1. Could you order peptides 55-68, 134-147 by the average number of other Cβ atoms within 10 Å of their residues, highest first?
2. Based on the Kirkwood radius over alpha-carbon pairs, what value in µm²/s does the Stokes-Einstein equation return for the translational diffusion coefficient of region 11-89 at 37 °C and 0.692 mPa s?
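Please treat every number below as a calculation from the coordinates, not as lab data. In this text the structure is predicted, and so the values were computed from the model without any measurement. Quick reminder, even Gly has a Cβ in these numbers, built from the backbone with ideal geometry, and neighbours come from all protein chains shown.
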Amino acid sequence: MSGVEPLIVPDDDLLRRSAGGDSSAFEMLVSRHERWLSRFAAALAGSDGAEDVVQDAFVSAWRGAGTFRGTGDARGWLAAIARNAFLARFRRRAGEPAAHESLESQEDLARAAGWGADGPDVEFERLATREALTQAMERLAPGEREVLVLRDVEGFSGDETAATLGLSLPAVKSRLHRARLHMAASLRETLDGRS
């Protein structure tokens, strides 16, 4: 019958079938989620380590498909698996802070990011180029990259991000705020260096 759209199989059905050994169902799941998961992995591990993280994540998802309970979104489940794969692979990366700064100490960072009278939107419009964004993203600590990618790039809700990262919602908001400030400061530094 022409004009009829094919039925899209829900992720939880694909995972249930995958748990039963259906490799074609798992291939459909991989095909559906590989692009965004690769972007997330690149934000965590950089472009050099992203492919390994994605591969490890999908291997773990295949092995653990039966553990998905269907109570949440499969995207969040896959993102958590990818994050765990990253952490297992890149536990102690250089530059990761031992402790995070307090909110009070972020005033200087906000000024360095250019936040003030013009506001952040004006600065982002002026500063945002693909190369500068890439360089700035690479300078962020992995914890800041992951929350920024989940919330601002992939559109995860605050609750989804919190569940994926194993954080409370206030901790996600705090980390996201700090990540946005560091991103803006890094963008400014990158573009000021070009002048």
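1. Listed from highest to lowest mean packing, they are 134-147, 55-68.
2. On the way: Rh = 12.3 Å.
So the translational diffusion coefficient is about 267 µm²/s.
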